[in-house]
Amino acid sequence: MESLTKRQIDFYNEQGYLVLENQVPLSTIEAIRSEISGFKREAKGMTESNECLDLEDSHTPEEPRIRRIKLPHTQSDVVKDLMLSDCILAPVRDLIGPNLRLHTTKLNMKSAGYGAVIEWHQDFAFYPHTNDDVLAVGVIIDDMGSENGPLMVMPGSHRGPIYDHHIDGVFAGAMNLATNGLSLDDAVELNGPAGSISIHHGRIAHGSAPNTSDRDRRLLFYEVMAADAFPVMGSMTRFDSIEEYDERMLCGETTRTPRLTSVPVRIPQPQPDRNRSIYEIQSQVKNSAFSDDRC
Ligand SMILES: O=C(O)CCC(=O)C(=O)O
């Protein structure tokens, strides 16, 4: 083990998540905040989301509101360097082995006062793979607490089924807690000070409420899988060519031999016509798990 204790690994295997405090130097967090300020300047004048920035529904060109910075490791060297550092990769290697491939990155802004909801879902419902050594590392950019829309998980749900994420036969990227026998009362908030990281299993049910507080809640995600976890056909995994797939290796060796294990799989098909981001996909949900009458 490089960075985690056996106890932490056992906890992750049992509960499906971990929070590690003080994992990323505050100087790096400051550098990321400064990059974000640059993106905010870029969003001024924009009329719609583009391949770099996903805008809030309430965005206007005069009062820019960014919901998500897309693929930030391609837009910021600080974010890329952090991704390749042991702050991120050492704990991930302890959990899913030495050979790691990047699935995607994103920086969810959840800004003070209006930051958008993320409905309950399982990442594996979006991108089923041949095995479930698939996880997401969240780098906490602003102190995250109950008031500013923290990431929440359903402990142990990574050992259960993949729930139905369809509405009217179309993939909607969201699951209903109640109809699946789950209760918001059992949710755990992955809170921590800036510089902490959360790690959640690809199959764990998770979501987050809107941020109605006066403090931003920015969370940078690195989504990673074992190199021998290959996407199942119909997965939303971007896969242009095997060469491009191998360029996404973060450490260790690639393979041409997928490891098949007994994992529950549902295919996120057919896709809706608004499939540019989770926010747009989830806009099909009529009764939010986080609307006032539900929580
Ligand atoms: O930002 C959050 O609170 C959750 C993000 C998430 O689950 C996602 O973007 O898939």
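Values in this text are rule-based calculations from the coordinates and carry no lab data. Note that the structure is a prediction, hence the values are computed from the model and not measured. Cβ coordinates were reconstructed from backbone atoms using ideal geometry, including for glycine residues, and neighbour counts include every protein chain displayed.
Computed over neighbours whose Cβ is under 9 Å from that of D54, the net charge equals +3, Lys and Arg +1, Asp and Glu -1. For the stretch 163-231, the Cβ-based charge dipole about the Cα centre amounts to some 200 debye (Lys, Arg positive; Asp, Glu negative; other atoms uncharged).
Straight distance only, please: which lysines reach the Cα of K6 with their own Cα at less than 26 Å, same-chain residues fewer than 8 apart left out? By straight Cα distance, K6 reaches no lysines at all.
Electrostatic tally near G195: other residues with Cβ closer than 12 Å to its Cβ, Lys and Arg +1, Asp and Glu -1, net -3.
Length gained on full extension, L260 to I167: 30.6 nm, using 0.36 nm per residue less the C-alpha separation.
Note on R41 and R238: the model spin-label points, each 7 Å out from Cα along the C-beta direction, lie 2.6 nm apart. If we count every other residue with Cβ under 14 angstrom of T255's Cβ, Lys/Arg +1 and Asp/Glu -1, where does the sum land? Once positives and negatives cancel, what remains is 0. Using only alpha carbon pairs under 8 Å that are at least six residues apart, calculate the relative contact order of the stretch 6-282 and give it in whole percent. Rounded, it is 29 percent for the stretch 6-282. Since only S241, A187, I88 are under comparison, the one whose Cα sits farthest along the positive direction of the charge dipole of the chain, derived from C-beta charges on Lys, Arg, Asp and Glu, is S241.
Highest mobility in the GNM of the chain, judged by mean-square fluctuation with C-alpha springs under 10 Å and restricted to L95, L219, L182, is found for L182.
With the cut-off at under 20 Å, measuring from each backbone N in the stretch 128-154 to a point 7 Å along the Cα-to-Cβ line of R33 picks out 138-151. When the alpha carbon gyration tensor of the stretch 6-282 is reduced to an equivalent ellipsoid, its three semi-axes come out at 26, 22, 20 angstrom, largest first.
Which FRET efficiency value, to the nearest 0.05, do you get for T60 and D214 by plugging their Cβ-Cβ distance into 1/(1 + (r/R0)^6) with R0 = 30 Å? Calculated value: 0.90. Computed over the chain, the per-residue total of -39500 (n - 2.57) for DSSP H runs of n ≥ 4 gives a 222 nm mean residue ellipticity of -6000 deg cm²/dmol, rounded to 500.
Spin-label model, Y114 to N13: label points 7 Å out along the Cα-to-beta-carbon direction sit 4.7 nm apart.
Could you order peptides 109-115, 283-289 by the average number of other Cβ atoms within 10 Å of their residues, highest first?
Packing proxy ranking, top to bottom: 109-115, 283-289.
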